[in-house]
Amino acid sequence: MNAQPSSEGRSMRIAIAADHHGLALKARLIARLTAQGHELDDRGAHAGGVTVDYPPLCADVCGRVADGRADRAIVVGGSGMGELIACNKIRGIRAGLCHDVFTTEISRAHNDANVIVIGAKVIGPETAEELVDLWLSTPFKGGRHQERLDQIAMLERGDPPA
């Protein structure tokens with residue numbers, strides 16, 4: 001896949017983090033996205049051979065998206081499942097677990113995901129690169145999907161939609 005830097009054709013500020021399972025894939029994604037002109041902020045982990053808890057990493061990168069220091073974030077874990085749960089606990093974050101083209105496109109086009117979560121034990125590095133490129137280049141469709149995002153925001157505020 002040959003993707004533009006983003007759906008707007010501009011480079012993005014991307015916070016990225018990985019636990020011990022995702023270090024090699026994180027390094028590969030950083031190199032690729034930097035070469036594409038994106039500004040990457042590597043938030044950790046950095047040491048191999050050390051088990052790392054992912055919730056603090058998720059809180060860090062998602063906090064950067066939520067407060068505007070990053071346009072989007074990438075989180076790499078083993079399966080990505082725990083990371084997905086942790087990311088979606090942060091107000092304003094819509095994280096998508098993306099293992100194939102369909103889930104990646106839906107996460108952006110329908111859910112306006114601002115965080116992509118990838119399982120390094122689930123997909124290979126070439127697939128991960130393709131999915132990240134697709135995720136960065138897929139625009140949000142809006143319309144009825146925006147109405148659903150508004151309802152999700154209501155859930156975050158503790159005001160369930162009727």
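The values are calculated or read from the model by the stated rules, or taken from the named source; none is laboratory data. Fair warning: this is a prediction, and the values are worked out from it, not measured in the lab. All Cβ positions, glycine included, derive from the backbone under ideal geometry; neighbour counts span all protein chains shown. Heads up: the accessible areas ignore ligands, DNA and RNA and are worked out on the full protein's heavy atoms, side chains in. Shrake-Rupley method; radii C 1.70, N 1.55, O 1.52, S 1.80 Å.
Each residue in region 43-59 was checked for being crowded, with 17+ Cβ neighbours inside 10 Å and of a type outside the set (A, V, I, L, M, F, W, C), and 2 of them qualify. If you go through region 105-148 and keep only what is out of contact with any strand residue (DSSP E or B) (no Cβ under 9 Å at 6 or more places or on another chain), of a type in the set (A, V, I, L, M) and closer than 23 Å to Gly68 by Cα, you end up with Ala109, Leu134.
The C-beta contact set for region 19-40 (first residue buried (at least 16 other Cβ atoms within 10 Å of the Cβ), second residue hydroxyl-bearing (Ser, Thr, Tyr) and at pLDDT 95 or above, distance under 7 angstrom, 6+ apart or interchain) comprises Asp19/Tyr54; Leu40/Thr34. Kindly establish whether Ala86 is free of Cβ contacts under 8 Å to residues at least 60 places away in the same chain, in contact with a Pro (Cβ under 9 Å, 6 or more places away or on another chain) and among the hydrophobic types (A, V, I, L, M, F, W, C). Taking the combined requirement at face value, the residue satisfies it. Those strands (runs of 3 or more DSSP E) of region 60-123 in which 3 or more residues are farther than 18 Å from Pro139 by Cβ and open to solvent by 20 Å² or more (accessible area, probe 1.4 Å) are absent. Would you confirm whether any residue within region 92-99 is under 19 Å from Arg13 (Cα atoms) and in contact (Cβ under 8 Å) with a residue 40 or more places away in the chain? The answer is yes, given that some residue of region 92-99 is under 19 Å from Arg13 (Cα atoms) and in contact (Cβ under 8 Å) with a residue 40 or more places away in the chain. Checked against the criteria, Asp133 counts as open to solvent by less than 50 Å² (accessible area, probe 1.4 Å), within 25 Å of Gly77 (Cβ to Cβ), out of contact with any Pro (no Cβ under 8 Å at 6 or more places or on another chain) and in contact (Cβ under 8 Å) with a residue 60 or more places away in the chain.
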